[in-house]
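Read-outs: derived from the displayed coordinates by stated rules, not from any lab. Nothing here was measured: the structure is a model prediction, and the numbers come from that model. Cβ sites come from the backbone with ideal geometry, for glycine too, and all protein chains shown count toward neighbours.
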Amino acid sequence: MYVLIAGGGKVGANVARTLIRAGHEVTLIEQNAARFARLEEEFEHQVQHGDATELHILERAGIARPPDIVLALTGDDEDNVVISQIAQERYGVPKVIARVNDPRNQAHFDLMGISPTICAVSSVMALVEHEVPEHELIHLLELRKENLEIVEVQIDKNSPSAGKRVESLTMPEGARLISVMRNGRAEIAVGSTELQPGDQVLAILEPGKEDELKRVLLKA
Amino acid sequence: MNALVIGCGRVGSSIARQLAEEGWDVSVVDENEESLARLGDRWPGRFVVGHGMDVEVLREAGIEEAEAVVVATDGDNTNIVIGQVAQKRFDISCVVVRVLDPARADFYAERGLRTVCPTKTAINVLTDAVRACEIPGMPRVEA
């Protein structure tokens, strides 16, 4: 497999090293001269110096072949958007993975159809939400293409939904309960399922409906 | 008519002042509060401090009411992304984007973004200026 990596920071360099060890052909592009000099000691001809948003730099690195995959891993979200668009739309690169540095920019990548993306901050936050119990609503999975997400909430004894049947809840539009986990056993949530304190409930909903869902399930 | 100018450097600030003089209601966004000084003593329009990539900043600056958006920060890629956000997310038909790199300007122009490339303009003007010198015996270019 031929992989072109834009951005030779911690992420890009470690990915390059790992791919090379796995026997893949890699070209790494790094803009910063000092960092390039350090990388060159390790990666030799496999690293090139330049701005990976410039077409001639990408062409020198072999984007016209095209690579099997381009990884836009710079520390700059605008650059990663532009690299992804040029790779996909001008050179027909079949697969692009882009790094999102600031999670607030995720919407821009989604708007431009750049997928998949990877955001370290979002990944850490998802783990924090999972590990810290006072967070009432845990994001488990984002279904970006479908514009849906799956979340988990824990019902407690003060929740307005405790003791109620699923069919009697006024669920927000664009949200459904999927399953109820009780005493280590999960069951599909149906109309007659009665919620109890301690239940872990999975719900599927459109992003942005979290607060409405919390109001129905967790606080009056 | 409402215009939004993102980036208040030499270029952005001059465009903002020009449009305001021509009767537009102009709103300006820049990361740096001090760039407000470039708009003169009595700037009649809005000025929002923030980054143009931030949708909340764009909203605060009134992008939802804007008929025209000019993107002229000092970063080509920043301009390209903000321009596309204005076009695709906020559905603004008149989006003008400054892109210094001719190759990227052409690529995004082909994709429907109204890019303006000062570098290309400078190349043409400077080349024409050389041609206009009329040194005896210099090669002639047929128009």
* To do: Within 10 Å of each Cβ in peptide B:80-89, how many partner chain Cβ atoms are there on average? Round it to a whole number, please.
  => 4
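Starting with the highest mean, order B:17-23, A:46-52, A:64-70 by the number of other Cβ atoms within 10 Å, averaged over the residues of each peptide.
Most protected by this proxy first, the peptides run A:46-52, A:64-70, B:17-23.
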* Asked: Put +1 on the Cβ of each Lys and Arg and -1 on the Cβ of each Asp and Glu in the range A:133-217; which of A:THR170, A:ILE188, A:LEU217 then has its Cα farthest toward the positive end of the dipole?
  -> A:ILE188
* Asked: Residue-wise, which Karplus ³J(HN,Hα) couplings in Hz belong to the range B:30-45, taking 6.51 cos²θ - 1.76 cosθ + 1.60, θ = phi - 60°, and x for glycine or proline?
  -> 8, 5, 9, 4, 5, 6, 4, 4, 5, 8, x, 6, 10, 5, x, x
* Structure fact -> Exposure-ranked with fewest Cβ neighbours within 10 Å first, A:LEU169, B:LEU126 stand as B:LEU126, A:LEU169
* Asked: Given H placed on each backbone N at 1.01 Å, which residues far from A:VAL47 in sequence or on other chains put an amide H within less than 5 Å of it?
  -> A:LEU28
* Which aspartates and glutamates have a Cα lying under 20 Å from the Cα of A:LYS10, excluding residues fewer than 8 positions away in the same chain? -> A:GLU25, A:GLU30, A:GLU40, A:GLU41, A:GLU42, A:GLU44, A:ASP51, A:ASP76, A:ASP77, A:GLU78, A:ASP79, A:ASP102
* To do: Compute the Rg to Rh ratio over chain B from the alpha carbon atoms, using the Kirkwood formula for Rh, and round to two decimal places.
  => 1.08
* **Förster-model FRET efficiency, 30 Å R0, B:LEU36 and A:ARG215, C-beta, rounded to 0.05** => 0.10
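So for the protein assembly as shown: antiparallel DSSP bridges make up what percent, rounded to the nearest 5?
So the antiparallel bridges amount to about 40 percent of the total.
What FRET efficiency, computed as 1/(1 + (r/R0)^6) with R0 = 56 Å and r the Cβ-Cβ distance, is obtained for B:VAL55 and A:LYS157, rounded to the nearest 0.05?
In this case the efficiency is close to 0.90.
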* Asked: Hey, could you pull the Cα Rg and Dmax for the protein assembly as shown, both in Å?
  -> 26.0, 98
* Express the relative contact order of chain B as a whole percentage, based on alpha carbon pairs under 8 Å and six or more residues apart in sequence. => 19
* Pair A:GLN200, A:THR170: separation of 7 Å Cα→Cβ label points (nm) -> 3.1
* Please compute P(r) over all alpha-carbon pairs of the range A:85-197, binned at 5 Å starting from zero, and give each bin as a whole-number percent. => 2, 9, 15, 18, 15, 12, 9, 10, 5, 3, 2, 0
* Asked: Among A:73-79, B:10-16, A:177-183, how do they line up from the highest to the lowest mean number of other beta-carbon atoms within 10 Å?
  -> A:73-79, B:10-16, A:177-183
* To do: Please average, across the residues of A:77-90, the number of beta carbons from any other chain that are within 10 Å of each residue's own beta carbon, and give a whole number.
  => 4
* Structure fact -> Of the residues B:ILE123, B:ALA61, B:ALA86, the Cα lying farthest along the dipole of the range B:48-143 towards its positive end, which is defined by charges on the beta carbon of Lys, Arg, Asp and Glu, belongs to B:ILE123
* Structure fact -> Expected vector for the range A:203-217, Karplus 3J(HN,Hα) from phi with 6.51, -1.76, 1.60 and θ = phi - 60°, integer Hz, x for Gly and Pro, equals 9, 10, 7, 6, x, x, 9, 4, 5, 4, 5, 4, 4, 6, 8
* **Per-residue ³J(HN,Hα) for the range A:187-197, Karplus 6.51 cos²θ - 1.76 cosθ + 1.60, θ = phi - 60°, Hz, x for Gly and Pro** => 9, 5, 6, 10, x, 8, 5, 9, 7, 10, x
* Structure fact -> If B:GLU110, A:GLU30 are placed from fewest to most neighbouring beta carbons inside 10 Å, the sequence is B:GLU110, A:GLU30
* To do: Treat every Asp and Glu Cβ in the range A:2-119 as -1 and every Lys and Arg Cβ as +1, leave all other atoms uncharged, and give the resulting dipole magnitude about the Cα centre to the nearest 20 debye.
  => 300
* Counting other beta carbons within 10 Å of each Cβ, put A:SER115, B:SER27 in order, fewest first. => A:SER115, B:SER27
* Hey, what's the Cα Rg ratio for the range A:29-161 versus the globular rule of thumb, 2.2 N^0.38 Å? -> 1.36
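The range A:133-217: Rg/Rh from Cα coordinates, Kirkwood Rh?
Numbers: Rg = 11.9 Å, Rh = 12.8 Å.
Taking Rh as the inverse mean 1/r over Cα pairs, Rg/Rh reads 0.93.
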* Structure fact -> Taking 0.36 nm per residue of separation between A:ARG60 and A:ARG185 and subtracting their Cα-Cα distance, the length gained on full extension comes to 39.3 nm
